[in-house]
Amino acid sequence: MEIWDLHCHLSGVPGNTPEARLGKLLEYADRMGIARLCVFMGLEWSYDPSPEKMRQENDEVLRALKHFPARAFGLVYLNPKHTQASRDELNRCVRDGPMVGVKLWVAQHCNAQELDPIIQRATELKAVIFQHTWVKITGNLPGESTPMELAELAARHPETKFICGHSGGDWELGLRAIRPHKNVFTDLGGGDPTAGFTKMAVRELGAERVLYGSDAGGRSFASQLAKVFGADIPEPAKRLILGENLKRLLRPILQDKGIKI
Amino acid sequence: MIRGAPVHSLARREFLKLALAATGAAALKSVDAAPISKRKTELIDVNVNLSRWPLRRIRGDDTPTLVKMLRNQDVTQAWAGSFDGLLHKDISEVNTRLAEECRNHGRGLLLPFGSINPKLPDWEDELRRCVEQHSMPGIRLHPNYHGYKLNDPDFARLLRRATDRGLIVQLALVMEDERMMHPLMRVEPVDTAPLADLIKATPGLRLVLLNALGKLRGKPLSNFIAAGEVYVEFSMLEGVGAISSLLAQVQVERVLFGSHAPLFYFESSLLKLKESPLTEDQLQAIRYRNAKRLLAKSL
């Protein structure tokens, strides 16, 4: 069984260049038996990137991918506040480049109408959409989306495949919010390895909609893999979560790009 | 340790000797049963809790299931507090039940660490009971759930009294991610600013910081370690290769294995030992040697 990690970054990892950081991430991934990583966002992040900053961060990821084409995929980081620039970047990195999906973070609430042209173009390209979500009792960032807002977006685009980043952080709320929307998958990564999380995800969504991701380098591969290895769920469900679901999600765009898995 | 040890101290000493011997016996049994290449070593988990987390049922929130899970993971000893110690006001009952559960279900595996709340009336007698009635090797403190700051004079007095009695003091800085707390059960992480001075002012204190490494790192962490006999466990430590990074800041002798089970998946801490490239000597120190040495000082 191959483990594919949906959710990795170049930040929080030692190294002076994008390729050095991805190389270091892969060293740790090798120790944990992880075959492939999805990487997004650059060396230094911006909550609300300008078009120039978006391109810079995506260039850094593209540079890293070039050194490890058999080990890593990329998602293009976009800012819905810059709709046309985001569509241009989508074409540059996904249509004309090696990237296979979209990362949306905290610039704009994801239920905003400005997202629609980006989602439409990504869907035409068969790219998956990874939307960061969190419900914080301490208060969200100004543009930070909740899983409830993602549910609104997903209802408007039933043909698009969305991934609910962090399962909303407060997963007992987040999993309920996305439950009715079969085109929304959930990401286990980026929160504490709290027992019961994965079991609830499988119970409420079905194992086919649950994806292993780590949020490394900020998180460890270990704590996030533990959510699957330690979960009280059947072994076949673990195999789906650790890799088979992500392969299935990415297969259409990978086939278009001539990448065999 | 109080000089001129009375009878109850001797009983506690015998109990702790047995606890130390039990970890060795379990490891020996594993070695005997396993081929050389698969020899198991001891594993002491200094951060588990019995009973129920107030907001969710979790696997292992009954002692027999937790004991079975720990044994399956080759844990040879676990230092156990009680989730009940967070909110229950009848802390005497909590500690009695904790000691009974450890004795009845986890004999040789579970060591009870009683809850002490220095804001409760007559807390000093509770400390006495932990030692004299329950033969506990240490106590576990939750200042944020018990409503006091570390600059509270009662906290300083508690540290002195516990040290006088030869107890290990475990200080839990958080129990869960502050961002995800129940709206009616929000507590701030413990403010550790006064801690270094308190450690220096309490000679002989043996302090274990639990659930501390989510935020505590760098210079503040180094300062605590340098201030006295302070240990950390890594259940909330994050980042790729996190243990390697920790060992760049803290000498390995001060690092203990802690899982925060059953609230956290036990596998998280175990896999962290795999993620970082560690020498066999470092692994043994973290898995059991440091905890065993710390416990032996209670004799």
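When B:ARG140, B:ARG161, B:ARG157, B:ARG179 are checked against the criterion of being within 29 Å of B:VAL252 (Cα to Cα) and surrounded by fewer than 22 Cβ atoms within 10 Å (Cβ to Cβ), a single residue qualifies: B:ARG161. Please determine, by comparing only the residues of the stretch B:260-280 that are open to solvent by less than 10 Å² (accessible area, probe 1.4 Å) and facing chain A (nearest Cβ under 7 Å), which one is farthest from B:ASN72 (Cα to Cα). That would be B:GLU275.
Going by what's in this entry, would B:GLY85 be described as closer than 22 Å to B:ASP154 by Cα and buried (at least 21 other Cβ atoms within 10 Å of the Cβ)? So B:GLY85 passes the test. Hey, any hits in the stretch A:241-255 for a residue that's open to solvent by less than 10 Å² (accessible area, probe 1.4 Å), touching a residue at least 12 places away in the same chain (Cβ under 8 Å), at the interface with chain B (Cβ under 9 Å from one of its Cβ atoms) and closer than 24 Å to A:ALA29 by Cβ? Within the stretch A:241-255 (the criterion being open to solvent by less than 10 Å² (accessible area, probe 1.4 Å), touching a residue at least 12 places away in the same chain (Cβ under 8 Å), at the interface with chain B (Cβ under 9 Å from one of its Cβ atoms) and closer than 24 Å to A:ALA29 by Cβ), the answer is no, since none of the residues qualifies. For the stretch B:59-82: of the residues being under 12 Å from B:HIS105 (Cα atoms) and of a type in the set (Val, Ile, Thr), which is most open to solvent (accessible area, probe 1.4 Å)? Looking at the filtered set, the residue picked out is B:THR65. Here B:GLU229 does not fit the description of being under 14 Å from B:VAL75 (Cβ atoms) and either more than 9 Å from chain A (Cβ to nearest Cβ) or of a type in the set (D, E, K, R) (or both).
Would you say A:GLU57 is under 16 Å from the mean Cα position of the chain (by Cα) and either open to solvent by 70 Å² or more (accessible area, probe 1.4 Å) or charged (D, E, K, R) (or both)? Answer is yes for this residue.
Taken together, B:LEU299, B:LEU295 contain a single residue that is touching a strand residue (DSSP E or B) at 6+ places or on another chain (Cβ under 9 Å) and more than 8 Å from chain A (Cβ to nearest Cβ), which is B:LEU295. Within the stretch B:97-122, being open to solvent by less than 20 Å² (accessible area, probe 1.4 Å) and not in a loop (DSSP other than H, G, I, E, B) holds for B:LEU98, B:ALA99, B:CYS102, B:LEU110, B:LEU111, B:PRO112, B:PHE113, B:GLY114, B:SER115.
Residue count for the stretch A:29-40 under the criterion of being outside any loop (DSSP other than H, G, I, E, B), more than 14 Å from chain B (Cβ to nearest Cβ) and closer than 20 Å to A:ALA127 by Cα: the result is 2. If only residues of the stretch A:202-228 that are touching a Ser or Thr at 6+ places or on another chain (Cβ under 8 Å) and closer than 15 Å to B:ILE58 by Cβ are counted, the one that is nearest to the other protein chains (Cβ to nearest Cβ) is A:ALA226. Looking across A:LEU6, A:LEU43, A:LEU26, A:LEU75, one residue alone is crowded, with 18+ Cβ neighbours inside 10 Å, touching a residue at least 40 places away in the same chain (Cβ under 8 Å) and not in a strand (DSSP E or B). It is A:LEU26.
So, B:GLY204, is that one away from every other protein chain (no Cβ under 14 Å), over 13 Å from the mean Cα position of the chain (by Cα) and at positive phi or not? Against the criterion (away from every other protein chain (no Cβ under 14 Å), over 13 Å from the mean Cα position of the chain (by Cα) and at positive phi), B:GLY204 qualifies.
Only one entry of B:LEU171, B:LEU150, B:LEU127 meets the criterion of being open to solvent by less than 10 Å² (accessible area, probe 1.4 Å) and part of a helix (DSSP H, G or I), and that entry is B:LEU127.
Please verify whether A:GLU19 is away from chain B (no Cβ under 14 Å), open to solvent by 30 Å² or more (accessible area, probe 1.4 Å) and among the charged types (D, E, K, R), treating the condition exactly as stated. Judged against the criteria, A:GLU19 is a match.
The values are calculated or read from the model by the stated rules, or taken from the named source; none is laboratory data. Predicted model only: the values in this text are computed from it and were never measured. Here Cβ is always computed from backbone atoms with ideal geometry, including for glycine, and neighbour counts include all displayed protein chains. Heads up: the accessible areas ignore ligands, DNA and RNA and are worked out on the full protein's heavy atoms, side chains in. Shrake-Rupley method; radii C 1.70, N 1.55, O 1.52, S 1.80 Å.
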